Amino acid sequence: MAVSADDLSAPLGQKSTRKRRFRLPFSGTQALATILALLLLGFGGVAILNNNPMGGEPVARVAIKAPAATEDKAAAKPPVEVKHGTPETAKAPEAPGQKTITIIDGSSGARKDVVVSSEGSDSAAVDAPPPVMTGIDQKLLEKSRHGMVPIAIGALKPVTAYAAGSEAERARAMKMPSISIVIGGLGVGAAKTTDAIMKLPPAVTLGFTPYGSDPGKLVERARAQRHEVLLQLPMEPFDYPDNDPGPQTLLSSATAEQNLDRMMWHMSRFQGYVGVANFMGARFIATDTAMQPIAREASKRGLALFDDGSTPRSVAAAAAEGQGMPFARSDVAIDAVPTSADIDKALARLEGLAKERGVAVGVASALPISIERISAWAKTLESRGVMLVPLTTAMLKSKSS
């Protein structure tokens, strides 16, 4: 019989009572595994029975009050009217009061997207007409629905008020061969416009289109450098609309009232110009019924008229003569071939015409090579007995001869 240690230490004559120990039917590890299994089973059941693909994602519930339905919403919106000269290609979003257009250079055919400072309309006034520039005679301004436009007050006219050069220079020009040069297409592209303003002699006349983000500031700068300024009116070319001068183009098929309203829009873009000129427009300037109202309106407002000579069929001279207004037509396209040698030949041809007839007029664009060659040529012109003069001086001389 085995004897335990407890039996040996127990008092004699007494039996020891053994303590019964309680034991679980499973181990602690087994219990933990069972609990985890139950938890996983519970989550799985919820995922299976709850048909919610966004389950577990944060959810916010917002009450939305739907607007009352109206019969007007059933009607389709009217199509947006496409203005003349507005390209159909998609463009970047435009800021309020601005419009992006594509300008096509009349000589090179190059296209350039530019921003017009404020959009014109055929049926509604411009929302934000350009401000009046500094150095402008307020008496020579008239309010139109598009903004301020030039007007003549008796003998006081923009063509004389804003003419460049002094009386002494004009008197001297009457006694010697004279040349006037017009640089056109400015206002679109601030860099090339600034180069023309700053690098060309003050006697060179600058023609500005009505487009660009802020043509008024560039015109102010040009006038501060003593340049004479022209407003170039976009006119219909023969291949319009494939070749498109821009918004509010004057069209030979439009009525006189429509074209005059568009002319007002262009004239309101900036102030301080001595006259108007064609920007492209081979078809328009060759159409007498279209040109006559434009010449008449320009004359009434005390402006000169300039023809860039791009078409031999132009009726601008006859229209200007009928109004008795200052007029000039270009004799030579200086950079028709934009190389140094050809530009120099064109300038020499101008000199020959000036010596032969007393006065000659040339046109050019603001190409870097054109600005460079004209600037260099002008420095030595008077040493050859020829004077460079503003366009209004050439007009006066032509009228007196």
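The values are calculated or read from the model by the stated rules, or taken from the named source; none is laboratory data. These numbers come from a predicted model, not from an experiment. Cβ atoms come from the backbone with ideal geometry, glycine included; neighbour counts cover every protein chain shown. Just the protein is used for accessible areas: all its heavy atoms, side chains included, with ligands, DNA and RNA removed. Shrake-Rupley method; radii C 1.70, N 1.55, O 1.52, S 1.80 Å.
Side notes on the structure shown:
- Residue in the stretch 302-313 that is open to solvent by 10 Å² or more (accessible area, probe 1.4 Å), in a helix (DSSP H, G or I) and out of contact with any His (no Cβ under 6 Å at 6 or more places or on another chain) present: no
- Test for Ser398: is it surrounded by 14 or more Cβ atoms within 10 Å (Cβ to Cβ), small (Gly, Ala, Ser) and closer than 23 Å to Met280 by Cβ: no
Yes/no matrix, rows are residues, columns are (1) farther than 18 Å from Glu142 by Cβ; (2) charged (D, E, K, R):
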{"position": "Glu236", "(1), (2)": "yes, yes"}
{"position": "Glu257", "(1), (2)": "no, yes"}
{"position": "Met263", "(1), (2)": "no, no"}
{"position": "Tyr273", "(1), (2)": "no, no"}
{"position": "Ile294", "(1), (2)": "no, no"}
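- Among the residues of the stretch 273-285, those that are surrounded by 24 or more Cβ atoms within 10 Å (Cβ to Cβ) and either assigned to a loop (DSSP other than H, G, I, E, B) or polar (S, T, N, Q) (or both) comprise Tyr273, Val274, Asn278, Gly281.
- Across the stretch 193-239, the qualifying residues are those that are hydroxyl-bearing (Ser, Thr, Tyr), crowded, with 16+ Cβ neighbours inside 10 Å and at pLDDT 95 or above, and the one among them that is nearest to the chain's Cα centre (by Cα) is Thr209.
- Residues that are in a helix (DSSP H, G or I), over 16 Å from Pro158 (Cβ atoms) and either open to solvent by 10 Å² or more (accessible area, probe 1.4 Å) or polar (S, T, N, Q) (or both) within the stretch 314-328 comprise Ala317, Ala318, Glu321, Gly322, listed in sequence order.
- Restricting Glu142, Glu169 to those that are open to solvent by 60 Å² or more (accessible area, probe 1.4 Å), under 23 Å from Gln248 (Cβ atoms) and not in a loop (DSSP other than H, G, I, E, B) reduces the list to Glu142.
- Residue check for Gly184: under 17 Å from Pro390 (Cα atoms) and under 27 Å from the mean Cα position of the chain (by Cα): yes
- Applying the set (1) at positive phi; (2) in contact with a helix residue (DSSP H, G or I) (Cβ under 9 Å, 6 or more places away or on another chain); (3) free of Cβ contacts under 8 Å to residues at least 60 places away in the same chain to Gly309 leaves exactly one unmet item: (2).
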